[in-house]
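The values are calculated or read from the model by the stated rules, or taken from the named source; none is laboratory data. Note that the coordinates shown come from a computational prediction; the quantities given were computed from them, not determined experimentally. Here Cβ is always computed from backbone atoms with ideal geometry, including for glycine, and neighbour counts include all displayed protein chains.
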Amino acid sequence: MSDHPELAAEQAFLEHALRRLEATRGEAVQLKTMVEVGKGGTSQARWEREVINENIANRLSKLELGQRSLCFGRIDQAEEAGGGSFHIGRIAVADSDNEPLIVDWRAPVAEPFYRATGSDPLGLVRRRHFISRGNELIGLEDEFFGDARGQQAITVNGNELRGEGALVAALKTSRTGHLGDIVGTIQGEQDEIIRAPLPGVLVVQGGPGTGKTVVALHRAAYLLYTHRFPLDGQGLLVVGPNRLFLGYIEQVLPSLGEAGVHMRVLADLIGGAVRVRGRDQLNTARIKGDLRMVTVLRRAVADRQRPLREDLRVGFGSRILRMSAKQSAYIVEQAQERSSYHNASRRFVENRVFETLVDNHPDELSIKEVKESLAGSLVMREALDWMWPTLTPAQLLHDLFGSKALLRSAGRRLNTSERNALFRPREEVGKLPFRIWTADDVPLLDEAREVLGRLPKEKAEDDPRTYGHIVVDEAQDLSPMQLRMLTRRSLTGSMTIVGDIAQSTGAWAHHSWEEVLEHLPDKKPGARRELTVGYRIPAPLMEVAARILPLAAPELAPPVSVRGDGDDPVFVPAEGRTDMMAAMVEAARVELKSSDSGNTAIIVPSSLADDVQRALGEAGIEAGRAPQDGLDSRITIVPVGLVKGLEVDASIIVGPGQIVDENPQGYRSLYVALTRSTQRMTVVGDPVSLSQLQ
């Protein structure tokens, strides 16, 4: 490939395209600072041209190539298909005459680059893959179709591989701590998902190493390209399971010229003075994710809409104004009959209380004067706050979870042990805005907001926003309440849901996608796709994980690995914690000596994380720790609960038996741990647990 006769010509073409890109980028900067109305045509045509130019300018200014190549391939059409040649790249580049040099990978003309097969060439006679180091071409790989077709393409699990050389080169590249894009090596089954229609919910099931996360991100970029005008205004949201994961994927979309996507964890979607950290115990998390909590929260709000326990008497000058407890009950009933949010009805209650006070007095009194005089008095504030308090979601949940009486009243559908699991002592009122909530509280805070509505000082723009399309990764772990929260954020019911049932390890570990779909929008017919080819994990490592899969998810088949090569896994028996730490340290030293680049994750049960960090420190080995340090260190300690969705060059798995014992979906957690490495894997544990893997 490196001695290809057209290598020099393609390199010269690429350098020309890069010069044009820089020139166009300069023009884009100028365009963003100076509005220039085009000459000729209608006002509408000129306006449309300006919008398009401004859009291109924004994308060019956001494109971050880094060490990535601008162009990664070329297609040559047969005469009957037009006979043209098109270079395919991350973004469209034109020459000085506005003729295309490089076609955006998402454009319809580029689709055969990803979809053409020997049996269905889609009008191609040749497909060329570039193998690059940055923007330096180091090789070309040609595939021919029709009469010029050479040897049969390699097929894995019924899928014909495209650009095998470029694909394998990409797969063997060392990891950097950030997920890279696959725009130059997208395979057919992946491309079908990326270019699937926008409407409805698309569910993507994919085993380890099949590329489901990066496919979902490329789908986001494709949808923004294809449906730019609605989605630019409506917004596109990507939801990840934790901040470590978001940091890991954050460079993919900018490398494709799309930096305007909202990337969030669920806690980011509720706003307000709420700090979220950690998770609840399994039984508590299970209850908080149950749809019964919808009724609990509505009853909790209703329990705060109460008549006075005794008649109200309040001084107004020399007069005493009165309202009976029975009248207060009637006012509460009137407010409850209104179709309005709880907080919005507070004004109605206030007005009716003052009207009643005035109506009950024999003198002619001005309601306005009475209200202005008494509204700030302690007696009136206490009465109104008893009858109909203005509440934030945090206040509602703080009071509810801090009172066994309120839990008993609102949680009539819960049993005693479930209510006790929700109880936690109240904190001082002054500390309330700074209370630390758990990730399992987030959907409850959101549901409470849905019942309470805005505070009087809030405006429409403070409401939770909706999105034209939502991409959700690791969706198999989301509870019904969390899925309900996401459905509330969907403007049109358009979503891409990706995950792997075999890697469902949370408190609400689902056993089928039907369980997930029950709680998602059904405005439009949905679709399902499955990724069956494993690209990331070498076959020797995948074979180990496959031995655990029948225990984790017996109904699923493991993905078939493209990579038949790779180092065999290393199993190190260790009895007791001391021996385990010593073996782990030695395995870390071996990894540091094996390569000058790439990263290694030491995957541990939570109970061993501190011991591992201490042992490495005593051995003089520097190591980061997730989530605070990301994956940028040569060696990073990653608790097994955070490793899902990540990939590393090498993994050292410590205590597989403890991983199984400490996690509610133990074998699924171990399956996740065993499927993170792209190169090498060492497992340190007791002989019994290792015997299951060998």
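Scanning the range 91-141 for residues that are charged (D, E, K, R) and touching an Asp or Glu at 6+ places or on another chain (Cβ under 8 Å) yields a count of 6. Scanning the range 307-318 for residues that are surrounded by 14 or more Cβ atoms within 10 Å (Cβ to Cβ) and either among the aliphatic types (A, V, I, L, M) or assigned by TED's automatic domain parsing to the domain that holds Ser373 (or both), we see that the one that is farthest from Leu397 (Cα to Cα) is Phe316. Residue count for the range 547-587, restricted to those that are surrounded by 14 or more Cβ atoms within 10 Å (Cβ to Cβ), assigned to a helix (DSSP H, G or I), out of contact with any Ser or Thr (no Cβ under 7 Å at 6 or more places or on another chain) and not charged (D, E, K, R): 10.
For the range 328-376, a residue qualifies if it is among the hydroxyl-bearing types (Ser, Thr, Tyr) and either free of Cβ contacts under 8 Å to residues at least 60 places away in the same chain or part of a helix (DSSP H, G or I) (or both), and the qualifying residues are Ser328, Tyr330, Ser339, Ser345, Thr356, Ser366, Ser373. Taking into account only those residues within the range 120-140 that are surrounded by fewer than 17 Cβ atoms within 10 Å (Cβ to Cβ) and more than 22 Å from Gly83 (Cβ to Cβ), which is farthest from the chain's Cα centre (by Cα)? Looking at residues that are surrounded by fewer than 17 Cβ atoms within 10 Å (Cβ to Cβ) and more than 22 Å from Gly83 (Cβ to Cβ), I get Ile138. Candidates in the range 614-640 are the residues that are among the aliphatic types (A, V, I, L, M) and part of a loop (DSSP other than H, G, I, E, B); of these, the one that is nearest to Ala583 (Cα to Cα) is Ala619. For the range 250-260, filtering for residues that are surrounded by fewer than 21 Cβ atoms within 10 Å (Cβ to Cβ) and in contact with a strand residue (DSSP E or B) (Cβ under 9 Å, 6 or more places away or on another chain) leaves 2. One residue alone among Ala553, Ala583 is in the same structural domain as Tyr671 (by TED's automatic domain parsing), among the hydrophobic types (A, V, I, L, M, F, W, C) and over 30 Å from Ser490 (Cβ atoms), and that residue is Ala583. The residues of the range 655-694 that are of a type in the set (S, T, N, Q) and either surrounded by fewer than 20 Cβ atoms within 10 Å (Cβ to Cβ) or in a helix (DSSP H, G or I) (or both), listed by number, are Gln658, Ser669, Ser689, Ser691, Gln692, Gln694.
From the list Met481, Met495, pick out the single residue that is closer than 22 Å to Gly289 by Cβ, over 15 Å from the mean Cα position of the chain (by Cα) and either buried (at least 24 other Cβ atoms within 10 Å of the Cβ) or hydrophobic (A, V, I, L, M, F, W, C) (or both). Result of the check over Met481, Met495: Met481.
Taking the numbered list (1) among the charged types (D, E, K, R); (2) under 26 Å from the mean Cα position of the chain (by Cα); (3) at pLDDT 95 or above in turn, Asp462 passes all entries but (3). A residue that is in contact (Cβ under 8 Å) with a residue 12 or more places away in the chain and assigned to a loop (DSSP other than H, G, I, E, B) occurs somewhere in the range 599-606.
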